[in-house]
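Peer 1: The structure that follows is given in the form of structure tokens.
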Amino acid sequence: MPGVAAGPVTSRAPGGAAMAAAPPEPPWQSPEQRRAADIIRLLSLYRPLLDAFVIDFFTEDLWSQLPPSWQPALAGATPEQLAGFLGGRGSPGAAWPLSLLAFGAAARALAFPRGCPGPAPRPPCQSCRLPPLLRRHVKPKKQHEIQRLGKLLQRLSRATGCEHVVDVGAGQGHLSRFLSFALGLRVTAVESDARLSALAERFDQELLQELAKPRALAHRGAPPCHPRAPQHIPGRLDPTAPWGELLLPPDPPGAGPAACNPLGGPGGSEDGHRVLVTGLHACGDLGPALLCHFARSPAVAAVALVGCCYMKLSSAPEQQQQQQQQQHLGYPLSTSVAALPGHQLSYRAREAACHALEEYQARLREGSAHLRAHCYRAVLESVIRAAEPSKRHLGLQPGRRAHSLSFTQYAQLGLPLAGLDPEGVPLDSVAVGAMLEQQHKVVAFCTLGQLLAPLVETLILLDRLLYLREQGFHCALVPLFNPRFSPRNLVLVAARTPLATALAGLARATEDGHSSEDEDVEEAETPREGQNHQ
């Protein structure tokens, strides 16, 4: 692994304070541990930039806090040049400071590969690989995800001999139905919201009724004949419970008692067979909880997890982490990362990890009007703070088409959401106009944050991978989905036996250069980090 490239030669960090010296690099024994240490060192150098809120661009004069040598280069960059800087392609045009180029190179080198986004600007209207009856109620993005994750779980099933999949956080049961009806797997779907679980069962019954019709197979595009529907269990995962006591009663209160544990153990599966566990975009602490239960539960042969909503991860203050390390903690999970000085991640940093880098790059290349929204919100923050200083960082949503409005129209929608009467907050047209003319600087500042965001996600996923490695499991991170329309596209796969068989097809597909929509799961990039397939 390459080390961190040299930081800015200026004596100021992006926050304006003296640059803190990076901690010395310990003698780590694995590439994953070295990468985690390098990421933390880089994030420590640029923490003020990472923790900044773009809406404070004017109220806190964020531009002046950038290294002085960076400011002219970024101010003169076109959106297309910024897109190239994000992706490491193309020339920035005028001569850029070496420190800025090194910053970009280091950030790109340390982030996990996310696979090729492909030429399609959006997911297909209908997935050609998903039977039509299984597309009902399913948006194109979700079709893409369940088809690819389903095929990966099918590979894991064949490799481990497990035909029972437990889908935790199953929602309306779209993935569970595909696994059950299209792939013939036995599925238990666990969902904390009893209403969603009931809706999933209704959709199952609709599908069974369609399959029972005489002409369904010939004319309705029915899936292969696997009529066994998933078993739906309303229940919440208890992250602190022993592996044999998995579930709490579902939401809302009074919806029903706690169900039996589908992972085995006391009150668990009746047949005692091993299971596969999956979570598609498991929110916040649900992902770490699944990994902890996998580590503690002998009944679980393998797990395939896609995380999301990293800002909802629980994270104890540094002084409490040693005492709480034995308890469930969303981040850090591994002793390796917990031992690194500076590993803490703020809420803002974890929020940034939920990035959509490829979408932002596309907007830069196209010069999209959506880029205006960042500047509009920063100007509105300045207006709000001038009128009422106590109102800051409010979660305002003036509408999806806000970027198509004039700023006056935008303010007319946004001020009431902040509890302010637009008639009582006059807009200084000169001051507002001066701020709007700095949109290119706001976009450049956002671009720097977008460059750091994948590093935070990589660190969080590395922490999970190292936790599993410390327990002696085989694991890999696979960029399974097209990142252009499924930003959380990295799947963490772990098993008690080698993964070479399950992931061999993924490796061959990448080596052969296949990226056909007809071979959805074959399109993913070869797992590079944390493979441990041997």
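Peer 1: On a 28 Å Cα-Cα criterion, which of the cross-link pairs LYS391/LYS441; LYS139/LYS441; LYS312/LYS441; LYS139/LYS213; LYS141/LYS441 come out too long?
Peer 2: Violating the 28 Å Cα-Cα cut-off are LYS139/LYS441; LYS312/LYS441; LYS141/LYS441.
Peer 1: Just order 406-412, 36-42, 382-388 by mean Cβ neighbour count inside 10 Å, highest at the front, would you?
Peer 2: Most protected by this proxy first, the peptides run 36-42, 382-388, 406-412.
Peer 1: Here is a follow-up. Check cross-link reach from LYS142 to the lysines: straight Cα distance under 19 Å, and skip same-chain residues fewer than eight apart.
Peer 2: Answer for LYS142, where 19 Å is the Cα cut-off: LYS151, listed by chain and number.
Peer 1: I've got another one for you. Place +1 on the Cβ of every Lys and Arg and -1 on the Cβ of every Asp and Glu in the range 301-434, take the dipole about the Cα centre, and give the residue among LEU415, ALA386, VAL337 whose Cα lies farthest towards its positive end.
Peer 2: VAL337
Peer 1: Another one. With a 1.4 Å probe and every protein chain kept in, tell me what percent of the accessible surface of the range 339-382 is carbon plus sulfur.
Peer 2: 50
Peer 1: Here's a follow-up. If you roll a 1.4 Å probe over the range 165-213 with all protein chains in place, what percent of the accessible area is carbon or sulfur?
Peer 2: So the carbon and sulfur contribution to the accessible surface is 47 percent.
The values are calculated or read from the model by the stated rules, or taken from the named source; none is laboratory data. Keep in mind that this is a model prediction, so the values were computed, not measured. FYI the Cβ positions are ideal-geometry reconstructions off the backbone, even for glycines, and counts take in every protein chain you see. The area values use the complete protein model at the heavy-atom level, side chains included, leaving out ligands, DNA and RNA. Shrake-Rupley method; radii C 1.70, N 1.55, O 1.52, S 1.80 Å.
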